[in-house]
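Asker: My structure is below; once you've seen it, I'll send some questions.
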Amino acid sequence: MTSRIGVAVMGAALLLYIVVAGWLAVMFFAVGTPVSIGMGIALIVLAPLGGWALLRELVFGFGADRLGRALNADGGMPPAPAELRPSGRLRAQDVGPLLSRYAAEAEAAPADWRARYRLGVVQDAAGLRKDARASIREAIRLAGHRP
């Protein structure tokens, strides 16, 4: 519930930013100097770009959450190792075997979103955030939820 409130706050903040940026762009255009027109154009371009980036992240987050809840309900999430580092990440000695196991499962079943999602969860726990996002994005695609 707290994360949904955070998403709503960020969405509202972005909407406010787009409105203010649009208003400032109009004011810059009204000045009419080359520099102010350039700044107005930059604001017109950057505000929608920020909106697109936020929308893309929201779609990814909601898709990942939906698949995570479905996999957890089926009992298919990877079991937590006995010991984690204080940061919540995997211990160094656990990373290699777990990554090998879940990568092999994902390779063995390339069309199974569950295997790809589990690999993403393990990659995230190992601190491989970029790889984890790619794996979970692939799981979303395989499950039919376009990011």
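Asker: Please arrange 122, 95 by accessible surface area, largest first, computed with a 1.4 Å probe and ligands excluded.
Answerer: Largest accessible area first, the residues go 95, 122.
Asker: Could you tell me how far the Cα centroid of the range 41-63 sits from the Cα centroid of the range 81-106, in Å?
Answerer: If you average the Cα positions of each part, the centres end up 33 Å apart.
Asker: Please report the carbon-and-sulfur percent of the accessible area for the range 4-114; probe 1.4 Å, protein heavy atoms only, DNA, RNA and ligands left out.
Answerer: The C+S portion of the solvent-accessible surface of the range 4-114 is 72 percent.
Asker: Just to check I understand the Karplus step: with θ = phi - 60° and J = 6.51 cos²θ - 1.76 cosθ + 1.60, what whole-Hz values come out for the range 87-100, glycine and proline as x?
Answerer: 6, x, 7, 5, 6, 4, 6, 8, 4, x, x, 5, 4, 4
Asker: I've got another one for you. Only sites in a loop by DSSP and with at most 15 other Cβ atoms within 10 Å count here; which GluC sites (Glu not before Pro) in the range 48-145 make the cut?
Answerer: 83
Asker: Counting heavy atoms of the protein chains only and a 1.4 Å probe, report the per residue accessible area for the chain as a whole number of Å².
Answerer: Ligands and nucleic acids excluded, the figure is 63 Å² per residue.
Asker: Simple spin-label model, 7 Å along Cα-to-Cβ: residue 129 to residue 72 in nm?
Answerer: About 2.1 nm separates the two model spin labels.
Asker: Taking R0 as 41 Å, what's the FRET efficiency between residue 30 and residue 5 from their Cβ-Cβ distance, rounded to 0.05?
Answerer: Given R0 = 41 Å and the Cβ-Cβ separation, E is 0.60.
Asker: Another question about this same structure. Over the chain, what is the mean sequence separation of C-alpha contacts under 8 Å (at least six apart), divided by residue count, expressed as relative contact order in percent?
Answerer: So the answer I get is 18 percent.
Asker: FRET efficiency for residue 141 and residue 89, Cβ-Cβ distance as r, R0 = 25 Å, nearest 0.05?
Answerer: That pair, residue 141 with residue 89, gives E of 0.40.
The values are calculated or read from the model by the stated rules, or taken from the named source; none is laboratory data. All values derive from a computational prediction rather than experimental measurement. Cβ atoms come from the backbone with ideal geometry, glycine included; neighbour counts cover every protein chain shown. Just so you know, the surface numbers come from the protein's heavy atoms only, side chains and all, with ligands and any DNA or RNA stripped out. Shrake-Rupley method; radii C 1.70, N 1.55, O 1.52, S 1.80 Å.
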